[in-house]
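The values are calculated or read from the model by the stated rules, or taken from the named source; none is laboratory data. Predicted, not measured: the structure shown is a model, and the values here were computed from it. Positions of Cβ are generated from backbone atoms using ideal geometry, with glycine treated the same way; all protein chains shown enter the neighbour counts. SASA here: full protein model, heavy atoms, side chains in, ligands and nucleic acids out. Shrake-Rupley method; radii C 1.70, N 1.55, O 1.52, S 1.80 Å.
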Amino acid sequence: MTKKVKLRSLIIGGGFTLLFVVLITRIYWVQVVDGARLVTEVKEKHWSKEKVIQQVRGSILDRNGKVLAEDSPAFTLALVPRTIKDNNNQEEVVKGLAAILSTPGDPSNVAALEDKIRKRLETKREWKPTEQIEIRNEGWKIDSEKADKINQLVKDLQLKLSEKEQAKAVGIVLLRETKRFYPAGQLAAHLIGYNNKEGKPVMGIEAQLDNYLKGVPGFLNYEKDRYGVELTGSKSRYQPAVDGSNVQLTIDKNIQFYIESALQKTYDKWRPKSLTAIAVDPKTMEILGIANMPTFNPNKYGETKNQSDFLNHAVASQYEPGSTFKLVTLAASIEEGMFFPGDTYQSGRIIVADRELHDHNRVGWGKISYLEGLKRSSNVAFVKLGLEKLGTDKLRQYIDKFGFGAKTGIDISGEVAGRVKMQYAPEYATATYGQGLTTTMIQQTAAYAAIANGGKLMWPHVIKQITNPETGEVVEKYDPKVIRDVVSPETAKQVGEYLEQVVSDQQIGTGRRAYIEGYRVAGKTGTANFVLPGHVGYAEGRWMVSFIGYAPLEDPKILVAIMADDPDLGGNYHLGGDVTAPAFKEIVSQSLRKMGIAPSVTREQTSQPTEKASQGKTPDLTDQSLDEAKAAMNKLGISVEPIGQGPKVIAQSPLPGTESGGAQRMYVLMQEGEDVPVPNLSGKSLRDALEVCSFLKVRCQSTGEGYVSDQALEGSGESRVLTLQLKSYKELLEDPVASKTDKSDKSDKSGKSDKSGKSDQTVKKDSPSAKTTSDTVKSGADKKNADSVKQNADGGSKKTASPQP
């Protein structure tokens, strides 16, 4: 018994001893070995509290300090499911919030959002009283307008509760946050870019200059008790936030608005695939405005479904420029002393190696001066200037000097260099008028600015300076830079004066729709075919339409370039001048008024010798010789086309005393008799052909659509019938018979019938798909079908279709 007691006592004593040893060891470990770490950990996790002090992201401003992007208050919607359940008003909450947060005008979106909110509230069977859930993304960082509507909903729900419960919450909470806000909405969206709701910059200046804009967050660290109250005598650390720098752009908010307003009108009317415009100060190449259509609202970037709408085509897309590129050929030939405006050449077509290149109307305008060729945007004129006079080496030298084929270095991300690759003579020939190579809009803008400013190629830039938001101190400044001289000031002045006539000549100037009353405007139109991705050859009936110009000519303040990608011209490229030139006119006229630039010239002083024709009446040319008639009408800018042979004018169309309006030509009858020869009408539009038939009192009927490719005359006297075979422009280019028509003059310019009453021309049979119309043409006959075919457009040159100016 004693032994058992002793053993029991020994075991119990040993156990207590072991427990005591373990306890002492643990206390030693906690106090001595691991003490420092545990003290540090408890201070950090339980005794200390750290608050993050959010910095303010820098603002983006226009050149005049107007805000384009800034931080602003935002609200995130949170729901308390337990409270909503207790109030027994879940459906009212669900439907009320869905109506506020959903996309307007989309019932399916409302229903989907209702279902989403309902499922979030029913995720758990039992919620803790303080648990909250957020409704993302619809309720995340909403603006003040939606927050006000939610607050009103809360008030309405509280009124429906009983009097005892009205003091209770309804389970809807708005958490205050900060988000990026763009006060002008879509204005300059492609340039500014946007920040997403996570606060990360996605594109544009926001992403490009994020290191300057974002700033550095601060913090406040202090020791607290279990209630969160700061401990007396505790050490605290404070690091203030550093706000981001402000970025001031060269953009003028007003001019940017003018641009986007004009582009929207153009986009709505012509429905192009895309539309791009750039406005600059040509002396500094500071960008005053830059825009694309379609566009997006950076405040609602998630509503933009088509990712291509985010692309800044001004720098990131390349095109065959068409006739706007003729600036290079013109400037180079003047600089090298090879351009003589009064010299003449045969317009229409020219052979280069094995390629036939031609003007837009194939037959041209006869033998005309190079100045007239510029006004009409004749491709043949520029092939002769660039290939025959300058030569391939000089031409390539000037293309490089003007900056094509290389990036401009503009401070906008995503720029491409374009493609300039010429090897054979036909490639150089087509390059003289802007086909077979690609450029960007910013490259062309810089090239035209070099002419406007006296010959200096400048660095284009959109960032003016970066400043400290507190002190206003300039952190970094971006000054204008001259890249190189491309032509002399004298050459640049001459080029500008010639380009002014392209706009001011209201009869044959291809840029006449850009004319602004009271200002001297210089500019050039361009229409070019383009190749569809994955296809060989140019797309039929689809064009790139552009206009580039500047004003006032004597002291340029603004230069605007506009490009329309594939506008809906209904297959009629002659309408290209109606697309971009009017938009240019609207932008520049508003901008000049905004700048305080008063009109400086009268209409008669703007190099418009042909403008008088639009205000006068046609003179009586009867009994005048052909030379006298041409001289008289040349003063009015109207060309004379004789019909028949004889010493004196017998009749004319339009009749004497007729308001000349926009007439470009006059037909004069030089031969008496009923069988006056019908001239060769090959290459003419239906409108022009009908006018000749009406004048000669010949019954006219047409087969097909487009331009005259062949003709046949039957009968005699007043019973004569002229049958016209019409073909599309592409068919004319590909038809070797039609190509020879003008060279051989099949109708021998007399149009005399053979003994059978038929002319020496034959009409090809209709294809099954061809349309046939028959019109009896009297004096003043219906010209409905012809009205869609306009004159004064320049054309192109590859094997498929020709670009207009």
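Using beta carbons and a limit of 7 Å, which pairs, at least six apart or on different chains, have the first residue in region 383-395 and open to solvent by 20 Å² or more (accessible area, probe 1.4 Å) and the second one of a type in the set (A, V, I, L, M) and part of a helix (DSSP H, G or I)?
Sorted first by the residue in region 383-395, then by its partner, the pairs are 387/425; 387/429; 394/332.
Please verify whether residue 80 is in contact (Cβ under 8 Å) with a residue 24 or more places away in the chain, in contact with a helix residue (DSSP H, G or I) (Cβ under 7 Å, 6 or more places away or on another chain) and open to solvent by less than 20 Å² (accessible area, probe 1.4 Å), treating the condition exactly as stated. Full working, then the answer.
Numbers: in contact (Cβ under 8 Å) with a residue 24 or more places away in the chain: yes; in contact with a helix residue (DSSP H, G or I) (Cβ under 7 Å, 6 or more places away or on another chain): no; open to solvent by less than 20 Å² (accessible area, probe 1.4 Å): yes.
Considered against the rule, which asks whether it is in contact (Cβ under 8 Å) with a residue 24 or more places away in the chain, in contact with a helix residue (DSSP H, G or I) (Cβ under 7 Å, 6 or more places away or on another chain) and open to solvent by less than 20 Å² (accessible area, probe 1.4 Å), residue 80 comes out as no.
Being modelled with pLDDT of 80 or more, among the basic types (Lys, Arg), in contact with an Asp or Glu (Cβ under 7 Å, 6 or more places away or on another chain) and open to solvent by 60 Å² or more (accessible area, probe 1.4 Å) is true for just one of 648, 585. Which residue is that?
From the options 648, 585, the qualifying one is 648.
Of all residues in region 72-92, which are touching a strand residue (DSSP E or B) at 6+ places or on another chain (Cβ under 7 Å) and either closer than 19 Å to residue 159 by Cα or of a type in the set (Ser, Thr, Tyr) (or both)?
72, 76, 79, 80
Please find, among 386, 405, 391, the residue that is of a type outside the set (Lys, Arg) and within 30 Å of residue 479 (Cβ to Cβ).
405
Pairs only if they're at least six apart or on different chains, beta carbon under 7 angstrom, first in region 289-308 and of a type in the set (Phe, Trp, Tyr), second outside any loop (DSSP other than H, G, I, E, B); list them, first residue then second.
Listed by first residue and then by second, the contacts come to 296/189; 296/309; 296/310; 301/194.
Among (1) open to solvent by less than 40 Å² (accessible area, probe 1.4 Å); (2) out of contact with any Phe, Trp or Tyr (no Cβ under 9 Å at 6 or more places or on another chain); (3) at pLDDT below 85, there is one condition residue 6 misses while meeting the rest; what is its number?
Every condition holds for residue 6 apart from (1).
Sort out which residues of region 346-382 are of a type in the set (Lys, Arg) and open to solvent by less than 10 Å² (accessible area, probe 1.4 Å), and write them in order of number.
Passing the criteria: only 362.
If I filter region 184-198 for residues that are farther than 30 Å from residue 290 by Cβ, among the aliphatic types (A, V, I, L, M) and open to solvent by less than 70 Å² (accessible area, probe 1.4 Å), do I get at least one hit?
Scanning region 184-198 turns up no residue that is farther than 30 Å from residue 290 by Cβ, among the aliphatic types (A, V, I, L, M) and open to solvent by less than 70 Å² (accessible area, probe 1.4 Å).
Restricting to region 577-597, what's the tally of residues that are assigned to a helix (DSSP H, G or I) and without any contact (Cβ under 8 Å) to a residue 12 or more places away in the chain?
Here the count works out to 1.
Can you name every one of the helices (runs of 4 or more DSSP H) wholly within region 302-396 that holds 3 or more residues which are farther than 30 Å from residue 194 by Cα and out of contact with any helix residue (DSSP H, G or I) (no Cβ under 6 Å at 6 or more places or on another chain)?
Hits in region 302-396: 370-376.
Being of a type outside the set (Phe, Trp, Tyr) and surrounded by fewer than 17 Cβ atoms within 10 Å (Cβ to Cβ): is that true of residue 326 here?
For residue 326, the condition - of a type outside the set (Phe, Trp, Tyr) and surrounded by fewer than 17 Cβ atoms within 10 Å (Cβ to Cβ) - is not met.
Does residue 660 fit the bill of being within 39 Å of the chain's Cα centre (by Cα), open to solvent by 30 Å² or more (accessible area, probe 1.4 Å) and modelled with pLDDT under 85?
no
Identify all residues within region 454-511 that are assigned to a strand (DSSP E or B), open to solvent by 60 Å² or more (accessible area, probe 1.4 Å) and under 25 Å from residue 400 (Cα atoms); write none if there are none.
If the condition is that a residue be assigned to a strand (DSSP E or B), open to solvent by 60 Å² or more (accessible area, probe 1.4 Å) and under 25 Å from residue 400 (Cα atoms), then 456, 482, 483, 484, 485 are the ones that fit.
Kindly indicate the residue of region 396-445 that is open to solvent by less than 10 Å² (accessible area, probe 1.4 Å) and polar (S, T, N, Q) and also farthest from residue 559 (Cα to Cα) among those meeting that condition.
Ranking the candidates gives 430 first.
Quick check on this structure: which one of 202, 247 is among the hydrophobic types (A, V, I, L, M, F, W, C) and open to solvent by 30 Å² or more (accessible area, probe 1.4 Å)?
202
Might you let me know whether region 348-362 holds any residue that is in contact (Cβ under 8 Å) with a residue 60 or more places away in the chain and within 25 Å of the chain's Cα centre (by Cα)?
Within region 348-362 (the criterion being in contact (Cβ under 8 Å) with a residue 60 or more places away in the chain and within 25 Å of the chain's Cα centre (by Cα)), the answer is no, since none of the residues qualifies.
So, in region 526-553, how many residues would count as being modelled with pLDDT of 95 or more and either open to solvent by 10 Å² or more (accessible area, probe 1.4 Å) or not in a strand (DSSP E or B) (or both)?
2
List the pairs whose first member sits in region 95-124 and is farther than 22 Å from residue 156 by Cα, whose second member is of a type in the set (Gly, Ala, Ser), and whose Cβ atoms are under 7 Å apart, counting only residues at least 6 apart or on separate chains?
109/102
Please work out if residue 621 is assigned to a loop (DSSP other than H, G, I, E, B), modelled with pLDDT of 85 or more and not charged (D, E, K, R).
Here the answer is yes, as residue 621 does meet what is asked.
Just for region 589-618: of the residues that are among the hydroxyl-bearing types (Ser, Thr, Tyr) and at pLDDT below 85, which one is farthest from residue 554 (Cα to Cα)?
Applying the filter and picking the extreme gives 618.
Find the residue count for region 261-280, including only residues that are surrounded by fewer than 22 Cβ atoms within 10 Å (Cβ to Cβ) and on the phi < 0 side of the Ramachandran plot.
9
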